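Here is the structure we will look at, set down as structure tokens.
Each reported figure results from applying straightforward, stated rules to the coordinates on display, with no laboratory input. This one's a predicted model, so the numbers in the text were calculated from it and none came from an experiment. Cβ sites come from the backbone with ideal geometry, for glycine too, and all protein chains shown count toward neighbours.
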Amino acid sequence: MGNWNKAKGRLLAVALAAIPAAGARASVTLIFDDGLGLPGKTDVGIAPGSSFTVSVYLNSTIEQTTGLSYYLSAPGAGAGHFRITNRGLTNAAYTVPTPDNIAVLNSANSLLNPQNLVDLGGGLTQAQSTAGFFYGTGPWLSAIYTIQVLPGTFAGDYLIKTVSDANTGWTGSQNDMPIPFSDHAFANQGTTAYTVTVTPEPGSLALLALGGMALGMRRGS
């Protein structure tokens, strides 16, 4: 729990510094973090067939929130090359409707092609809702994802983004004006991304090495 509090404090400081002054509705964003700082990027190259872990947080500087709705997406050349293989919910703020992860990790639903097919967001428990609870200022953990780079993926940089359906993103509280529990779009929807650097497959590197050796032998002869 001590490490969680330290990580949350670091995230809050970085997230607050990164968001410029703006209207209240611009104060709720989704952010990626892999424990190495923001903005997010894999610290080492990921080989096809291997996996990386990254967390998604909802960050609010002003607004009261009671839920969120989003998917993970690998746009462009990344479509069809990444798959969610695990979703960790320990210390997650919002309660998800499918905590067993069966639907999320189903082979048809977990592929980012370009996005996964099951909403990854959550909301309040019945007890929290009855009590009028809401989440205020702070980065609030949604989930920790393990994502596999599928075999056959070419080397290069790819983006993992969050996306939401039209007119959704985060849900306000009973104090939301003019309509309680209104849906709002995230301020950074579709713009904040986590960069994944994919390295060549080991077999490709071996072939390149053999090709180089053969070329050197030809020149030597």
Exercise. Residue by residue through the range 189-199, which ³J(HN,Hα) values in whole Hz follow from phi under the Karplus form 6.51 cos²θ - 1.76 cosθ + 1.60 (θ = phi - 60°), with glycine and proline marked x?
Worked result: 4, x, 10, 7, 9, 9, 8, 10, 9, 9, 9
For this session: Using per-residue counts of other Cβ atoms within 10 Å, averaged over each peptide, order 27-35, 174-182 from highest down.
Result: 27-35, 174-182
For this session: Give the long-range amide H neighbours of Ala143: residues separated by 5 or more places, or on another chain, with amide H under 5 Å away, using H modelled in the peptide plane at 1.01 Å from N.
Result: Val56
Exercise. Rounded to the nearest 20 Debye, what is the dipole magnitude of the range 18-155 about its Cα centre when Lys and Arg each give +1 and Asp and Glu each give -1 at the C-beta?
Worked result: 120
For this session: Output the peptides 190-202, 61-73 sorted from most to least packed, where packing is the average of other Cβ atoms within 10 Å over each peptide's residues.
Result: 61-73, 190-202
